[in-house]
Each structure stands twice: as structure tokens, then as C-alpha cells.
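Below: the structure, in C-alpha cells.
The values are calculated or read from the model by the stated rules, or taken from the named source; none is laboratory data. Keep in mind it's a predicted model, so treat the numbers as computed, not measured. Cβ placement follows ideal geometry from the backbone for every residue including glycine, while neighbour counts extend to all protein chains displayed.
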Amino acid sequence: MFLLIELNEFNANLLAASAHKYNLNNIKELLNYNHYPTIANECEERFGLDPWVQWVSVHIGLAAKDHKIGHLGETSTLAGIQIWEKLGGMGFKTGVWGPMNSRRGNSLNNLFYFPDPWSFNEVAYPKRLNAFLALPRYYSKNYEKIEFTKLFNNIYLMIFSIFRELSLFTIIKIIYNSINVFRFNGLKNSSLFLIFD
């Protein structure tokens, strides 16, 4: 089995210290996996160093100057074969959840694909996952100017999707963890993104 977990914009030392301090066994185990560093020639944000640019380089094996993706959601101009497309073509089953600036593409043997919420033109697979995607996608597009009717409609779609896909035990765990996030951090954009992730 091949597992690629993309941790974005985090400090490994701080994560390890927090995992030790709060006895976060799953994070400790994750940090003990083999790690492969990536190196970028770019040194400035907005000029190729951004995570939504660098992950494209990891996915297709091209430098930012070659793939020319510079902003969030630029999937229509994405050229190159992504790692899950290569693996699917070799007969491996894949599942893809939330990689930046990605597309499902010609993904043979792809069991599920869930785009990041900022890739507005990409559709989740299977189609039923689009109900779960509706709220984070709406929020990522409109967080500065929310229309509450649309917000509640998308909340309904997400709740319906959660109850259709998850066990009651998992839902109770999500609610408990969400309450703790709001209790410690308050109602902020960062709290909402943390809960979604």
C-alpha cells in the first residue's frame, strides 16, 4: 500500500511537541512514518513557493516554471499526469481527498476523488460526495459576504451527506471534537477550516 499524506503549512517540531504534550498517539505514529522532503528552487510567495503551486509539482513531477500553475483553483490549465493517474494506470486502486489544484483526470481504478474546496470547477467522485463538498466550497467562495439562505441550504446538504455516509458513533465524535474546537478557539474562519479538515 502506498499512502501519501500532504501536511500543509505546519511546523514539524511544533506538531511533534504538541503530540507528546497532549499524548496524541495517531499524530505520533504519523510522525514516525518514512518522510520524503521536497525541495523547491522558488524562494518567494506569489512566485511559485505557495503550497497550491508546490503540491502541483509533487503531484506531477514538474517545477513551477514548467507547470505554470500560480493560483488556487487553476485546474483547467493543469497539464501533466498526476501521481494517482500513474498509479491507476499501473493497476493500483487510488483514493484522493483534498489535494490542492488537482483534478480527477483520467484516473483508472480511482475509487473516490474529493477536490479541495478552492478548485471550483472540479467535481467530486462518486457524485454523492458533492453534497458534502457544497458547504466548504460555498464558504471558500463567499466567506467575506455570506448569504444565509445559501449557507443554510449548504449546511443541510452537508448534514444529509454526513448522516448518509457515517456511523452514529463517528458523528458523535465529530460533534464532540467540533464543540471543543469552538470552545478553545471561538467561532473563527480557522476553526471552521479545522473542523472541515
Checklist entry - When the stretch 17-63 is examined, which residues are found to be part of a helix (DSSP H, G or I), closer than 30 Å to residue 77 by Cβ and small (Gly, Ala, Ser)? => result 57
Checklist entry - Do you know which of the residues in the stretch 34-70 that are within 20 Å of the chain's Cα centre (by Cα) and among the aromatic types (Phe, Trp, Tyr) is nearest to residue 3 (Cα to Cα)? => result 36
Next on the checklist: Given the condition of a type in the set (Phe, Trp, Tyr), in a helix (DSSP H, G or I) and farther than 30 Å from residue 60 by Cβ, answer yes or no: does some residue in the stretch 177-197 qualify?
Outcome noted: yes
Checklist outcome for this item: Output for Cβ contacts, cut-off 9 Å, separation at least six or different chains, first residue closer than 20 Å to residue 131 by Cβ in the stretch 166-183, second among the polar types (S, T, N, Q), reads 178/191
Next on the checklist: Tell me yes or no: at least one residue of the stretch 118-125 is charged (D, E, K, R) and exposed (fewer than 13 other Cβ atoms within 10 Å of the Cβ).
Outcome noted: no
Item to check | Given (1) of a type outside the set (Asp, Glu); (2) modelled with pLDDT of 85 or more; (3) exposed (fewer than 13 other Cβ atoms within 10 Å of the Cβ), number of the condition residue 68 does not satisfy | outcome: (3)
Item to check | Candidates 15, 3, 31 - the one that is within 19 Å of residue 116 (Cα to Cα) and at pLDDT below 90 | outcome: 3
Next on the checklist: Filter the stretch 98-115 down to the residues that are more than 13 Å from residue 59 (Cα to Cα) and at pLDDT 90 or above and list them by number.
Outcome noted: 109, 110, 111, 112, 113, 114, 115
Item to check | Within the stretch 118-134, tally of residues that are in contact with a Leu (Cβ under 8 Å, 6 or more places away or on another chain) and without any contact (Cβ under 8 Å) to a residue 60 or more places away in the chain | outcome: 5
Checklist outcome for this item: Note on the stretch 91-107: residues more than 10 Å from residue 119 (Cβ to Cβ) and surrounded by fewer than 23 Cβ atoms within 10 Å (Cβ to Cβ) are 91, 92, 93, 94, 95, 97, 104, 105, 106, 107
Checklist outcome for this item: Of (1) in contact (Cβ under 8 Å) with a residue 24 or more places away in the chain; (2) at negative phi; (3) in a loop (DSSP other than H, G, I, E, B); (4) not small (Gly, Ala, Ser), residue 9 fails just (2)
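Residue by residue, here is whether (1) part of a loop (DSSP other than H, G, I, E, B); (2) more than 28 Å from residue 67 (Cβ to Cβ) holds:
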| residue | (1), (2) |
| --- | --- |
| 104 | yes, no |
| 130 | no, no |
| 152 | no, yes |
| 158 | no, yes |
| 163 | no, yes |
| 171 | no, yes |
Next on the checklist: Would you confirm, using the coordinates I've provided, whether residue 2 is on the phi < 0 side of the Ramachandran plot, touching a residue at least 60 places away in the same chain (Cβ under 8 Å), loosely packed, with under 10 Cβ neighbours inside 10 Å and in a loop (DSSP other than H, G, I, E, B)?
Outcome noted: yes
